[in-house]
Amino acid sequence: MAKKSKAEERRARAAALREAQRKKDRRNKALKIAGASVAGAAVLGLLGTAIFMELKSRNIEGVAEYEVGDFSHVDVGEKVDYEQSPPVGGQHWPYWQNCGVYTDPITPEFGVHSLEHGAVWINYDPELPEEKVTALEGFYNPGDYLLVTPYEGDMDAPIVASSWGRQISVDAPDDENLLRFVQLYERGTDVPEPGAACSGSVQETQADFEAQLAEQAENPEALEGAENDDQGSDPDNEDTDGEAAKEDE
């Protein structure tokens with residue numbers, strides 16, 4: 001009977017060990033499922049946050065949208081009567097304005113061509129306080145598809161930003177809607193020529209270029225070395241030297 005008792009004890013211990021192992025396996029499985037659920041929830045949470053931020057970035061108050069009809073080239077020197085002020089698109093000259101910061105107004109027909117390539121054009125009232133102008137200039141970083149210029153025409157607000165077919169008017173550079181507009185539409189892809197260059201072409205301000213045209217009805221020197229749409233593009237904007245040349249530099 002003693003031997004039988006010891007055998008039974010061994011079987012009982014073995015059964016207990018197997019049961020303990022089964023419980024451990026079930027517990028580990030449950031932990032894995034719970035961990036996967038937590039990880040899945042975290043991923044969904046991050047995804048939801050990303051979607052929320054994307055929707056938030058696109059939820060820009062005050063954006064006006066316009067249908068741009070004819071956006072063909074016209075001869076250099078031929079003025080275009082734009083429907084919006086500042087313009088958001090339309091006919092333009094074969095050359096574009098180099099993206100960057102300018103302290104004097106630029107030629108609209110060049111600026112519109114930059115919009116066609118995916119640039120955002122920030123125009124501001126020349127009477128805007130200096131600290132606000134400095135803040136606007138800070139929007140630009142080397143290589144950006146961004147123009148920052150004063151504008152002497154009619155505007156609905158002290159600051160008006162335009163992309164191809166869109167425009168927003170704000171009172172101050174720290175308006176969150178302005179930042180969202182620039183972030184969303186700079187290097188825009190829903191433009192006639194996405195990825196085309198915003199450098200290597202025209203650097204002159206409007207006054208400088210008009211003075212050159214006044215000296216000679218056809219002035220090839222004014223555009224000597226400037227690229228146009230027939231000469232390829234610089235999609236990486238590598239020709240941009242960081243900031244448009246200022247008049248006093």
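The values are calculated or read from the model by the stated rules, or taken from the named source; none is laboratory data. As the structure is a computational prediction, the values presented were derived from the model and not from experiment. Neighbour counts run over all protein chains shown; Cβ positions are idealised from the backbone, glycine included.
Cβ-Cβ distances below 9 Å connect the following pairs, each with a first residue in segment 74-85 that is at pLDDT below 95, a second residue that is part of a loop (DSSP other than H, G, I, E, B) and exposed (fewer than 15 other Cβ atoms within 10 Å of the Cβ), and a separation of six or more residues or different chains: 76/218; 77/217; 77/218. Looking across segment 156-187 at every residue that is of a type in the set (Phe, Trp, Tyr) and not in a loop (DSSP other than H, G, I, E, B), the one that is farthest from the chain's Cα centre (by Cα) is identified as 181.
If only residues of segment 204-236 that are modelled with pLDDT of 85 or more and crowded, with 19+ Cβ neighbours inside 10 Å are counted, the one that is farthest from residue 101 (Cα to Cα) is 209. Does segment 102-123 contain at least one residue that is without any contact (Cβ under 8 Å) to a residue 24 or more places away in the chain and either touching a helix residue (DSSP H, G or I) at 6+ places or on another chain (Cβ under 9 Å) or not assigned by TED's automatic domain parsing to the domain that holds residue 169 (or both)? No: zero hits. All told, residue 114 falls short of being loosely packed, with under 10 Cβ neighbours inside 10 Å and modelled with pLDDT of 95 or more.
Being part of a loop (DSSP other than H, G, I, E, B) and under 21 Å from residue 195 (Cβ atoms) holds for only one residue in 80, 76, 68, 112, and it is 68.
Being at pLDDT below 95, in a loop (DSSP other than H, G, I, E, B) and not polar (S, T, N, Q): is that true of residue 190 here? Before you say what the answer is, go through the steps one by one.
Working: at pLDDT below 95: yes; in a loop (DSSP other than H, G, I, E, B): yes; not polar (S, T, N, Q): yes.
Yes, satisfied.
Of all residues being out of contact with any strand residue (DSSP E or B) (no Cβ under 7 Å at 6 or more places or on another chain) and farther than 25 Å from residue 96 by Cβ in segment 129-170, which is surrounded by the most Cβ atoms within 10 Å (Cβ to Cβ)? Just the residue, please. Looking at residues that are out of contact with any strand residue (DSSP E or B) (no Cβ under 7 Å at 6 or more places or on another chain) and farther than 25 Å from residue 96 by Cβ, I get 132.
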